[in-house]
Amino acid sequence: MTSRPRDGGLPGAVAAEWTKLWSLRSTWWTLAGAFALCGLMTSILATDTVHDNTNELTQDDPGVLVTSDLVVAAIDIVQFVVLGLAILTITGEYATGSIRTTLQAVPPRGRVLAAKAAVVTAVVFPLGVLLGLTGTAVASVLMGEWGRTTLAQTLGDSLAIGAYLALISVFMLGVGALLRSTAATLTLSFLLLMALPMLLTNAGVPLVRHVGDALPSAAGRYFMNGEDSPYAPAAGLAILVAWAVAATVAARTSMRRRDA
C-alpha cells in the first residue's frame, strides 16, 4: 500500500510565508520607519502639549494628559507605514509574478491567505505593542509634569494599539489580494482610513456621521481611546473584526475565481 505524499498543510504555509517576509530588506526598513515615525509624531504631540500649557494663552490649555493617549493619536499617521508591510506581503508577489510559485506550492487559496494573515498578525501585533511602549516612553520624557503615566493605562493602550494594527493590517491584506496593486491598495487605504472618515464624521447629516463611525479607522479609534461615544470600545473591536473577516472572505473568493 502506497502512502500519499504529505504537504506541509497550514503550518508549512505559515513557515514559508514567515521565511519570505523576513528575507525581504523592505521588512526591516518598514519596521525601522514605523519606530522612527512613531517617535517623531509622539514628540511633536508632546512638545505641542507642553507649549500649549506654558504659553500666555490659557483658554486652550489641555492640562495634564495621559501620555499613552498621545501615542494612540500618533497611530493615525504611523499606521500607513505598518500597512505598507501588510500590503506588500500580497501585492509584492503579484508585482513580481512570484504569486504563481506560491500558488503552485500551496494550491488552496484560502490556505495561502490564512498563512499570510497569520504571519502579518504575528509580526504586527507585537510591533504595535512595542510602538505603544516606545511612544509612551518618549512622551513621558518630553511632557514632564504635563504627562501622566500609569502602568495599567500604558499596557492597556499598547495592547489596544497592537490589536488595532493587526486587524487593520489583515483587512488591508484582503484588500490587496482583491486589487493586486500596491499603489492602488495604498491609495485606497489613505482614502478609506483617513480622508473619507474625516469627511463623513464632519458632515451635518446624522446618518452620514453614523456611516463614518462604522468605518474601520473610526471603530479603531473608539476601541483604542476607550470612549463610550458613540459606542463602547468592545463594539469598535467587533466592527474591526467584521471588516477584517469580510475583506479576507472577499479576497479568498476573488483568488479562487481569478487566475494568478
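The values are calculated or read from the model by the stated rules, or taken from the named source; none is laboratory data. The structure displayed is predicted, hence computed values, not measured ones. Don't worry about glycine lacking a Cβ; one is built from the backbone with ideal geometry, like all the others, and counts go over all protein chains shown.
Points to keep in mind about this one:
- Unmet criterion (only one of (1) free of Cβ contacts under 8 Å to residues at least 60 places away in the same chain; (2) out of contact with any helix residue (DSSP H, G or I) (no Cβ under 6 Å at 6 or more places or on another chain)) for ILE77: (2)
- Within the stretch 210-229, residues that are without any contact (Cβ under 8 Å) to a residue 40 or more places away in the chain reach partners that are of a type in the set (Ser, Thr, Tyr) and in a helix (DSSP H, G or I) with beta carbons closer than 6 Å, at six or more positions or on different chains, in the pairs GLY212/THR201.
- Top-ranked residue in the stretch 1-29 [being basic (Lys, Arg) and assigned to a helix (DSSP H, G or I); ranked as modelled with the lowest pLDDT]: ARG25
- On the stretch given as the stretch 165-207, residues that are closer than 21 Å to ILE99 by Cβ, of a type outside the set (Gly, Ala, Ser) and either at pLDDT below 90 or not in a helix (DSSP H, G or I) (or both) total 1.
- Near pairs, Cβ below 6 angstrom, 6+ apart or cross-chain, from the stretch 28-44 (closer than 13 Å to ALA137 by Cα) to any residue that is not in a helix (DSSP H, G or I): none
- THR42, sole failed condition from (1) buried (at least 17 other Cβ atoms within 10 Å of the Cβ); (2) at positive phi: (2)
Matching residues to (1) closer than 23 Å to ILE168 by Cα; (2) in contact with an Asp or Glu (Cβ under 8 Å, 6 or more places away or on another chain); (3) modelled with pLDDT of 90 or more; (4) surrounded by fewer than 22 Cβ atoms within 10 Å (Cβ to Cβ):
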| position | (1), (2), (3), (4) |
| --- | --- |
| LEU31 | yes, no, yes, yes |
| THR49 | no, no, no, no |
| THR54 | no, no, no, yes |
| PRO62 | no, yes, no, yes |
| ILE77 | yes, no, yes, yes |
| ALA86 | yes, no, yes, no |
| THR91 | yes, no, yes, no |
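- The stretch 144-153, residues that are more than 22 Å from the chain's Cα centre (by Cα) and either part of a helix (DSSP H, G or I) or of a type outside the set (Val, Ile, Thr) (or both): GLY144, GLU145, TRP146, GLY147, ARG148, LEU151, ALA152
- Hey, THR134 hydroxyl-bearing (Ser, Thr, Tyr) and touching a Gly at 6+ places or on another chain (Cβ under 6 Å) or not: no
- Residue pairs whose Cβ atoms lie under 9 Å apart, sitting 6 or more positions apart in sequence or on different chains, and linking a residue in the stretch 235-260 that is in contact (Cβ under 8 Å) with a residue 12 or more places away in the chain and loosely packed, with under 14 Cβ neighbours inside 10 Å to a partner that is part of a helix (DSSP H, G or I) and of a type in the set (Lys, Arg), are ARG256/ARG109.
Here is a yes/no grid of residues against (1) basic (Lys, Arg); (2) more than 24 Å from VAL66 (Cα to Cα):
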site: ARG180; (1), (2): yes, yes
site: LEU186; (1), (2): no, yes
site: LEU207; (1), (2): no, yes
site: HIS210; (1), (2): no, yes
site: GLY226; (1), (2): no, no
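- Screening GLY97 with (1) on the phi > 0 side of the Ramachandran plot; (2) buried (at least 18 other Cβ atoms within 10 Å of the Cβ); (3) not polar (S, T, N, Q) gives one miss only, at (2).
- Among the residues examined, GLY8 qualifies as of a type outside the set (A, V, I, L, M), out of contact with any strand residue (DSSP E or B) (no Cβ under 9 Å at 6 or more places or on another chain) and surrounded by fewer than 16 Cβ atoms within 10 Å (Cβ to Cβ).
- In the stretch 104-127, the residues that are over 25 Å from GLN79 (Cα atoms), crowded, with 17+ Cβ neighbours inside 10 Å and of a type in the set (A, V, I, L, M): VAL106
- Criterion applied to VAL82, VAL141, VAL112 was being under 11 Å from SER169 (Cβ atoms) and not basic (Lys, Arg), and the one residue passing it is VAL82.
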